[in-house]
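Enquirer: The structure's right below; bear with me while I get my questions together.
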Amino acid sequence: MNKIDKRLQKTKKEKRLGLMTHVVVGYPSLAKTFDIVKIMEKNGVDFVELQIPFSDPLADGTTIMKACESALKNGTKVKDAFDVVEKLSGEVKIPLLFMAYYNTVFKYGTEKFCKGASAVGIAGLIVPDMPIEEEQCEHFDKYCRKYNLKNIKVLSPSSTDERLEKNEKVASGFVYFTARQGITGAKDTLDPKIQIYLKKVKKYFSIPVAVGFGISKREHMRALQQHADIAVVGSAIIEVINKSKDQDIEKNVRSFIKNLKMVN
Amino acid sequence: MQNKGHFGQFGGRYVPEMLIPALEELEKSYFKAKKDKEFQKKFSYHLKTYAGRPTPLTFAKNLTEKLGGAKIYLKNEGLNLTGAHKITHCIGQALLAKRMGKTRLIAETGAGQHGLATATVAAKFGFSCTIYMGEVDIVRQRPNVFLMEQLGAKVIPVSFGNKTLKDAVNAALKDWIENVDTTHYLLGSVVGPHPYPTMTRDFQSVVGREVKRQIKNETGKLPDYIIACVGGGSNAMGIFTEFIKEKNVELIGVEAGGKGKAVGENAIRFNGGSIGVVEGYKSYFLQDSDGQIQKTHSISAGLDYAGIGPELAYLKEKGRVKFTSATDAEALGAFDILAKTEGIIPALESSHAVAEAIKLAPKLKKSDVIVVNLSGRGDKDLFILAKALGDDKFMDFLKSYINDDEQNR
């Protein structure tokens, strides 16, 4: 059984909102990426998405974009992402996912990427700019299935019924729904219409729903509790890292996550 | 050959799901408008009465005699309103955006020419307008920033990445994601996700149709060679499209050779580049082995771009369009020759195409005919040219202009 399914069974049994957190591989350094993921697990995070830095991250706001830029400046390579996950796999039990832009996957070789990711212990891939229409040329979903990786589809408030229906056919593991029409980034308040959107999503998807984009506070988590299965926190954690001195990163990430988790 | 915006293995629509409804709406509206005679009539009307079409095809008699080979004709797109071919697809897209009920236009710009053309149609057709431009480009192209602002546009500096064109594209796409209900993204070339490459090509293809008619009138036959510079490829696809089926017409694209062969010194995608998927489309990109987009350089901001239109990648793969390059120095040389022999000041982008004609013409028969797409005029390059040509007096002028201004304050 894929680790993602297993973890989802656990959160369901415990009747709580799962938490997925996000790191940019190589930000602020590869060593820190390794430490931060371990801290995330230790403090009750259920899933970690490791973003492979890319020079042109289309769906990301300033916070994550700048983290990607900085990781690339540090010399982070795609291979480093595989290496760090391989090392982590020996130490953490929670499912790890790769978030990448399609050029990273394509340039690496789509099958080679999926095979390699699976081999180092990745449980799922989030590749937002690989839409279902291009499957015929790319065989991305095919290789995800072949190597037992969940193909996490990302949908948004602008997704029409037709798009929800089409994506439902390929989505696996869980579906990632963005809390607003926009790019990544922490916000003060959640879109009040989010519950209506989520109802629509649930009409089409029987698999669990994760909600991300703009989630940064305990109140956000509380608001999602009844309507989603997983909350995704990305930019907010990077902002915690940005504001921390090097030696305080672990401590501050820990207290930030603990605070978020107090919702349960 | 074309299925959902694919040109062979190139093109496509590689975007996050949240952009797909907007692109589907645009695609549907565009193909409906394309078949609508009223829309086409309106488009032609504004091209004729506002932009200044048809642009002339000029026989470069002095240049031809100087080189002693093939006859050279210049398609003078520099005589369009705003000084380049860009206004054509801007009018097309603005009319389409109006039809779709949008009230705001956004665009990216490198050299500022596409931004200027977008700001122009926004003023003309009553849109609010935001232009994204890399900080580095803003410094290089202040006159265009000034003009865009005079036309009522808001110019927003982009301070991430390389701070040039590709980063402006990213910023504009992000704006579009957030404001898709009210806003049309007026993408400036034959790049990006479907339907942009097809739509921009269709609007620009008027150039090739004019050339076909004009050259037949002049010479009684089709040209033997057509040369165009290629950044994203809008002027090239504009002049090539009508001739793709004419197998005896050789089509030549000229990329920016920059100042050298090393990474970051040029923008030659068909030499240093490889296939990738960036900014929503699959094509050739200058990228490293991890797929990270690399820095590019050209003296002409319009050719200083890491990607190339997907249809051009397809035509290159099929052997239908041949590609070559001209260096910064060759472009400057061509600029000088054209100015002195023909009394035409070409844009630095277009000078790359002229440079290729200068290399090619002497090797050809006198009965051969070359058409060069002179995509824009060179007024916009005044400051870059004065610097590149080492014109001390121009620099003195700038200094005294600033001094006078400070004294008067």
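Enquirer: Can you list residues whose amide H is under 5 Å from residue B:321's amide H, if they're 5+ apart or on another chain and H is modeled 1.01 Å from N?
Expert: B:316
Enquirer: Among B:350, B:324, B:339, flag the residue with its Cα farthest along the positive direction of the charge dipole of the stretch B:316-382, charges on Cβ as +1 for Lys/Arg and -1 for Asp/Glu.
Expert: B:324
Enquirer: I would also like to ask the following. Quick check for me: using +1 on Lys/Arg Cβ and -1 on Asp/Glu Cβ, what's the dipole size of chain A about its Cα centre, in debye to the nearest 20?
Expert: Details: 44 positive and 32 negative charges, 206 e Å.
So the dipole magnitude of chain A works out to roughly 980 debye.
Enquirer: Quick one: which of B:268-278, B:398-408 comes out on top by average Cβ neighbours within 10 Å, and what's the full order, highest first?
Expert: On the way: B:268-278: 20.9, B:398-408: 9.4.
Ranked from most to least packed, the peptides come out as B:268-278, B:398-408.
Enquirer: Largest first and in whole Å, what are the equivalent-ellipsoid semi-axes of the protein assembly as shown based on the Cα gyration tensor, each being the root of 5 times an eigenvalue?
Expert: On the way: eigenvalues 460, 130, 113 Å².
Square roots of five times the eigenvalues give 48, 26, 24 Å.
Enquirer: In addition: Averaged over its residues, how many other protein chain Cβ atoms are within 10 Å of peptide A:122-128's Cβ atoms? Display every interim value, and only then the final one.
Expert: Details: counts 0, 0, 0, 0, 0, 2, 6.
Mean partner-chain Cβ count within 10 Å for A:122-128: 1.
Enquirer: Here is a further query. Note the full-extension length gain between residue B:363 and residue B:387 as 0.36 nm times their separation in residues minus their Cα-Cα distance, in nm to one decimal.
Expert: Values: separation 24, 0.36 × 24 = 8.64 nm, distance 3.28 nm.
Net length gain for the segment: 5.4 nm.
Enquirer: Under the rule a/c < 1.5 gives rounded, and otherwise a/b versus b/c splits prolate from oblate, where does the stretch A:1-77 land using the Cα gyration tensor?
Expert: Since a/c reaches 1.5 and a/b is larger than b/c, the shape of the stretch A:1-77 is classed as prolate.
Enquirer: In the neighborhood of residue B:297, defined by Cβ-to-Cβ distances under 9 Å, what is the net charge if each Lys or Arg adds +1 and each Asp or Glu adds -1?
Expert: Working: positive: B:259, B:295; negative: B:265, B:304, B:328.
Result for the neighbourhood of residue B:297: -1.
Enquirer: Hey, another quick one. Assign unit charges at the C-beta atoms only (+1 for Lys and Arg, -1 for Asp and Glu), then state the dipole size of the protein assembly as shown relative to its Cα centre in Debye, rounded to the nearest 20.
Expert: That gives a dipole near 1760 debye.
Enquirer: Sketch the reach of a paramagnetic label on residue A:137 as a point 7 Å from Cα along Cα-to-Cβ, and name the residues of the stretch B:252-296 whose backbone nitrogen lies under 14 Å away.
Expert: Under cut-off, by backbone N: B:275-285.
Enquirer: Over chain B, what is the relative contact order in percent, taking alpha-carbon pairs closer than 8 angstrom and at least six residues apart?
Expert: 20 percent
Enquirer: Another one. Taking only Cα atoms of the stretch B:67-124, what ratio of Rg to Rh do you get with Rh as the Kirkwood inverse-distance radius?
Expert: Details: Rg = 15.2 Å, Rh = 12.9 Å.
For the stretch B:67-124, the value is 1.18.
Enquirer: Mind checking which of A:234, A:124, A:44 has the largest fluctuation in a GNM of chain A, springs on alpha carbons under 10 Å?
Expert: A:44
Enquirer: Using only atoms on other chains, find how many Cβ atoms lie within 10 Å of each Cβ of peptide B:175-181 and report the average.
Expert: Partner-chain Cβ atoms within 10 Å, mean over residues of B:175-181: 3.
Enquirer: Which residue, chosen from B:180, A:62, B:248, occupies the Cα position most advanced towards the positive end of the dipole of the protein assembly as shown, where the dipole is computed from +1 (Lys, Arg) and -1 (Asp, Glu) charges on Cβ about the Cα centre?
Expert: Farthest along the dipole direction, towards plus: B:180.
Enquirer: Here's something else I'd like to know. Set the Förster distance to 51 Å, then compute FRET efficiency between residue A:146 and residue A:218 from the Cβ-Cβ distance, nearest 0.05.
Expert: Computed FRET efficiency for residue A:146 and residue A:218 comes out at 0.80.
Enquirer: Next question, about the same structure. With r as the distance between the Cβ atoms of residue A:243 and residue B:221 and R0 = 56 Å, compute the FRET efficiency 1/(1 + (r/R0)^6) and round to 0.05.
Expert: 0.20
Enquirer: Let me ask something else. Please go through the residue pairs B:28/B:75; B:34/B:316; A:142/B:295; A:142/A:166; B:37/B:98 and name each one whose alpha carbons sit more than 23 Å apart in this structure.
Expert: Where the Cα-Cα span goes over 23 Å, the pairs concerned are B:28/B:75; B:34/B:316; A:142/B:295.
Enquirer: Can you tell me the alpha carbon radius of gyration of the stretch B:63-222 divided by the globular rule-of-thumb value 2.2 N^0.38 Å?
Expert: 1.16
Enquirer: What are the principal axis extents of the Cα atoms in the stretch B:220-271, in Å, biggest first?
Expert: If we take the Cα atoms of the stretch B:220-271, the spans are 43, 18, 15 Å.
Enquirer: For Cα pairs less than 8 Å apart in space and 6+ apart in sequence, what is the mean separation divided by the residue count of the stretch A:3-261, i.e. the relative contact order in percent?
Expert: For the stretch A:3-261, the relative contact order is 21 percent.
Enquirer: Something else about it: How high is the relative contact order of the stretch B:256-329, in percent, with contacts defined as C-alpha pairs under 8 Å that are six or more residues apart?
Expert: Relative contact order for the stretch B:256-329 comes out at 36 percent.
Enquirer: Determine the dipole magnitude for the stretch A:1-123: charges of +1 sit on the beta-carbon of Lys and Arg, -1 on that of Asp and Glu, nothing else is charged, the reference point is the Cα centre, and the result goes in debye to the nearest 20.
Expert: My answer is approximately 440 debye.
Enquirer: Tell me which aspartates and glutamates have Cα within less than 12 Å of residue B:42's Cα, excluding those fewer than 8 residues away on the same chain?
Expert: none
Enquirer: Filter the cross-link list A:42/A:251; B:32/B:124; B:71/B:359; A:93/A:153; A:66/B:174 down to pairs whose alpha-carbon distance in this structure exceeds 18 Å.
Expert: Over 18 Å apart, Cα to Cα: B:32/B:124; A:93/A:153.
Enquirer: Of chain A, which part is the longest with no GluC sites (Glu not before Pro) in a loop (DSSP not H, G, I, E, B) and with at most 11 other C-beta atoms within 10 angstrom?
Expert: A:92-264
Enquirer: Can I ask one more? Percent of Cα-Cα pairs more than 18 Å apart in the stretch A:108-169, please.
Expert: When every Cα pair of the stretch A:108-169 is considered, 35 percent fall beyond 18 Å.
Enquirer: Okay, which of the stretch A:216-236 sit inside 17 Å, backbone N to the point 7 Å along the Cα-Cβ direction of residue A:189?
Expert: Output list for this probe position: A:216-224.
Enquirer: Place +1 on the Cβ of every Lys and Arg and -1 on the Cβ of every Asp and Glu in the stretch A:3-261, take the dipole about the Cα centre, and give the residue among A:24, A:192, A:100 whose Cα lies farthest towards its positive end.
Expert: A:192
Enquirer: OK, next. For the stretch A:18-72 and the stretch B:133-199, what is the centre-to-centre distance using only Cα atoms, to the nearest Å?
Expert: So the separation of the two Cα centres works out to 28 Å.
Enquirer: Leaving out same-chain residues fewer than 8 places away, which lysines sit with a Cα under 16 Å from that of residue A:79?
Expert: Cα-Cα hits under 16 Å: A:87, A:107, A:112, A:115.
Enquirer: Given a 10 angstrom Cα cut-off, can you work out which residue in B:21, B:157, B:310 is the most mobile in a GNM of chain B?
Expert: B:21
Enquirer: Using the C-alpha atoms of chain B, what convex hull volume per residue, in cubic angstrom, is computed?
Expert: 143 Å³
Enquirer: In terms of the Cα gyration tensor, with a ≥ b ≥ c the square roots of its eigenvalues, is the stretch B:256-409 rounded because a/c is under 1.5, prolate because a/b exceeds b/c, or oblate?
Expert: oblate
Enquirer: Right, here's the next one. So which residue, out of A:64, A:249, A:230, gets the largest mean-square fluctuation from a GNM of chain A using Cα contacts under 10 Å as springs?
Expert: A:249
Enquirer: While we're looking at this one, here's another question. Counting only residues 5 or more places away or on other chains, whose amide H sits under 5 Å from the amide H of residue B:250 once H atoms are built in the peptide plane?
Expert: B:225, B:226
Enquirer: Right, next: Grab every C-alpha pair in chain A, bin the distances at 10 angstrom width from 0 up to the longest one, and report whole percents.
Expert: Once binned at 10 Å, the Cα pair distances of chain A give 7, 33, 40, 18, 1.
Every read-out reported here was derived from the displayed coordinates using simple, explicitly stated rules and does not represent laboratory data. Not measured: the values here are computed from a predicted model. Glycine also receives a Cβ, built like all others from the backbone with ideal geometry; neighbour counts cover every protein chain displayed.
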